[in-house]
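The structure appears below as structure tokens.
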Amino acid sequence: MEDILSLPVQDPPFAEFSAAHLKWVKVEGGRLGGDDIALIPYARVDNFVKGESSNAECPASFRIESSRKRSEGSISKPRVDGYLEYTLYWCSYGPEDYRECESGTGDGSNSKPASGKGSRPGRRHMMRGCLCHFTVKRLYTRPLLALLIYNQRKHVDKTGAPCHGLLDRDAVGTRAMYAPRISEDLRQKVMSMLYAGISLDNVIQHHMDVVQGHGGPHNRDDFLTRNDVRNMERLIRNSSHELDANDECSIKMWVQRHQKNVFYFQEQTDSEPFMLGIQTDWQLQQAIRCGHDGLIAAHSAFGLKKLKYPLCSLLVFDSSHNAIPVAWVITSSFVGQGIQKWIGLFAERIRTKDPRWRLNAFLVDDPSFEVSPIREVFQCRVLLCVWHIRRAWIRSLLKKCSNFDVQQEMFKHLGWVLYCTRSGPNVLDAMEEFMQVFVDQCAFMHYFKTQWLPSIELWVAGVRSLPVASPELLAAIESYHLRLKSKLFKDQQTNSWARVDWLTHFLTTEFHSLYWLDQYSVETGCFENLRDKSFLSNAWYRALHIADVDVILDEQNLEYAKVISQTDRSLAYTVWNPGSEFSLCNCRWATVARPLLAAQVYRQILLTLLQNPPDDPLVLEHAILHGTRLQQDIKGLEDLSNSGLLQPLPPEIMLKWR
């Protein structure tokens, strides 16, 4: 044992690996005489446990039989195999043996647990005396390494005979041929279905169809029962985000219970901000699948005004350029300033699964991001994504400026301001020109001076120093933003917005399941009717399906283009400043943030009323009462329009109003 640190550290290039992938050394003499040992990175212990559970001849499930921990500095002279963490894993078919008791034969002498921990009545039917077990030590002197000690590698009982799996003749035709429990993948699949609103009966029927499709049961997962699903359904129904009345205590309890989904956690102190990095196994798979040789984008500062702490989502993009969240970071400070604390752990988590994984580019949506840690970790380009500033400007323009011609001119000038360093004038000259040309637009100018003037030089400097992301990525990120906003900020959840435990629970259950269902439907063609149709594709992807002949360009004036409607070919829409992300269109999608026509008419009536008030006080009182009721009706229509539930007026009616 004194020579264990001279052993090679083995890191098989597989997502999961087993004892068969390692070279073992047998210990001679001492406490561990006869045991096999090997060294692996501590971060890959879970991969080894999963790989061992997938033994083809003896499918198993290794449970933690016992564990112990020590704190650093607690031992002055640690032994070479001294541990920080000690965990004993045992095959779930042992060590107790209830086979004779269950069959009604024998004297029951084997019913006493071999481990001395008392009976486990809930697992009696599984106990077949299996002695297969191994120990994992996180070494005290080398915390990044784990010492594997295999005490018994064969799945045999005390007589040395196979006691479950394909080699056990008595297990043929029974569940003992397979793993004792359903796999974590199937569990995640069923839980996601239930969270997505799929009924118990439909879950069972779908599972039966899948099993029948591959020719009958082949493993434990194929024996999924109604009781299995009912237990998971009950677990969801009884679960609560509030593990403690105190939010800080509650989130610490959540982190302790979901350590495999947490890649970084830092409690808030007087000198350090709160930080929590979350990534599920499914998200990790998507990061590897879609992020390899691809892009990752940061969608940051979401919920800054409503949530207790803002949310940052890390996104990858599928073949349809739809964004998929592969991690979430919640922090009480700006995420871009403390990125060096967690970005390396995020990358290490991915590369531990796939050492060949690499990234082409990382997108930031705020120029104040610290880009040097990103470049250092990923060795890739960093791009600036301007979707946030573009969306904020266009929403404010449509709201504060009612003249469409002025809107498109202002929007084009704003684009010149943002890209001024690339076209000649400096930012101050471009800003001064913009404010002089549109000085009469008081409402927007007030908004622009208070919200954006202090940071516009930072944005311009970001555009100067970083390449800008392409429009298709802007559309994908904006589509994700709208979906997150529509699901997270529901009126019935208002009281929960101020709690971090609610946010983590919502993200890892309901919201996570939406994206799991999207991917599963694409891969299998199942449950297409349950997918959210409004987010199946983004605006850019839909635009790609517009035929070239339906886009009409005027060679004499390239400042606008005509596009034939794909739903009503008798209609044509105008796109001003085409070919730029600072373009505007007069279609319903582009004007969704424009005030309703009724609201504009109402505003004009009020102005007329104020300028020419009626002489009769009764008439004035009646007008004010009628105006108040009309305002309430219009507010209701605006809420419906913003939620997408209000159908647009026919074109002929819109023309009549205009």
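The values are calculated or read from the model by the stated rules, or taken from the named source; none is laboratory data. All figures in this text were calculated on a predicted structure; none of them were measured in a lab. So basically every Cβ, Gly included, is an ideal-geometry build from the backbone, and we count neighbours across all protein chains shown. Side chains included, ligands, DNA and RNA excluded: accessible areas come from the protein's heavy atoms. Shrake-Rupley method; radii C 1.70, N 1.55, O 1.52, S 1.80 Å.
By how many nm would the segment from LYS260 to GLU457 grow when fully extended, if each residue of separation counts as 0.36 nm and the alpha-carbon distance is taken off?
On the way: separation 197, 0.36 × 197 = 70.92 nm, distance 4.17 nm.
Stretched out fully, the LYS260 to GLU457 stretch lengthens by 66.7 nm.
For region 145-154, what does the Karplus curve 6.51 cos²θ - 1.76 cosθ + 1.60, with θ = phi - 60°, yield as ³J(HN,Hα) per residue in whole Hz, taken in order and with x for Gly and Pro?
Each residue of region 145-154 in turn: 10, 10, 9, 8, 10, 8, 7, 8, 8, 8 Hz.
Take the solvent-accessible surface of the protein heavy atoms, probe 1.4 Å, and return the percent of it on region 449-549 that carbon and sulfur atoms account for. Mind dumping the intermediate values first?
Numbers: 2590 of 4830 Å².
Solvent-exposed carbon and sulfur of region 449-549 make up 54 percent of the total.
Straight-line reach from LYS449: which lysines fall under 24 Å, measuring Cα to Cα and dropping same-chain residues less than 8 apart?
Partners within reach: LYS305, LYS306, LYS399, LYS400, LYS412.
Taking LYS69 as the anchor, which aspartates and glutamates have their alpha carbon closer than 12 Å to its alpha carbon, excluding any fewer than eight residues away along the same chain?
Filter leaves GLU85.
One quarter of the convex hull surface, Cα atoms only: what value does that give for region 273-354 in nm²? Let's see the in-between values first.
On the way: hull surface 22.2 nm².
The directionally averaged projection comes out at 5.6 nm².
For the pair VAL439 and GLN556, what calculated FRET efficiency results from E = 1/(1 + (r/R0)^6), where r is the Cβ-Cβ distance and R0 = 35 Å, to the nearest 0.05? List each step's numbers first, then the result.
Values: r = 32 Å, r/R0 = 0.90.
The value I calculate is 0.65.
Quick one: grab the alpha carbon gyration tensor of region 184-238, order the square roots of its eigenvalues as a ≥ b ≥ c, and give me rounded if a/c is under 1.5, else prolate or oblate depending on whether a/b is larger than b/c.
Details: a/c = 2.12, a/b = 1.77, b/c = 1.20.
Judged from the Cα gyration tensor, region 184-238 comes out prolate (a/c at least 1.5, a/b above b/c).
Can you give me the % of accessible surface on region 184-238 that is carbon or sulfur? Probe 1.4 Å, all protein chains present, nothing else counted.
On the way: 1400 of 3030 Å².
Solvent-exposed carbon and sulfur of region 184-238 make up 46 percent of the total.
In a Debye calculation with equal point scatterers on the alpha-carbon sites of region 388-465 and no solvent, what is log10 I(q)/I(0) at q = 0.12, 0.16, 0.23 Å⁻¹?
At q = 0.12, 0.16, 0.23 Å⁻¹ the computed log10 ratios are -0.30, -0.54, -1.14.
Taking the Cβ-Cβ separation of ASP568 and THR450 as r and a Förster radius of 41 Å, what is the calculated FRET efficiency to the nearest 0.05? Kindly include the intermediate steps, with their values, before the conclusion.
Values: r = 41 Å, r/R0 = 1.01.
Efficiency for this residue pair is about 0.50.
Label points 7 Å out from Cα along the Cβ direction at SER66 and GLN205: separation in nm?
My value for the distance between the label points is 5.1 nm.
Quick check: from the Cα gyration tensor, does region 468-566 come out rounded (a/c under 1.5), prolate or oblate? Intermediate results must be reported in sequence, preceding the final value.
Working: a/c = 3.11, a/b = 1.90, b/c = 1.64.
Prolate shape, in that a/c is at least 1.5 and a/b is the bigger ratio.
What FRET efficiency, computed as 1/(1 + (r/R0)^6) with R0 = 25 Å and r the Cβ-Cβ distance, is obtained for ASN586 and ARG391, rounded to the nearest 0.05? Mind dumping the intermediate values first?
Numbers: r = 18 Å, r/R0 = 0.73.
Rounded to the nearest 0.05, the efficiency is 0.85.
Straight-line reach only, C-alpha to C-alpha below 19 angstrom: list the aspartates and glutamates that LYS308 could link to, leaving out same-chain residues fewer than 8 apart.
Straight-distance partners of LYS308: GLU242, ASP244, ASP247, GLU248, GLU267, ASP270, GLU272, ASP491, ASP501.
Of GLU28, GLU472, GLU57, GLU376, which has the most accessible area with a 1.4 Å probe, and how do the rest follow in descending order? Please list the in-between numbers first.
Values: GLU28 170, GLU472 45, GLU57 100, GLU376 135 Å².
Ranking GLU28, GLU472, GLU57, GLU376 by accessible area, largest first, yields GLU28, GLU376, GLU57, GLU472.
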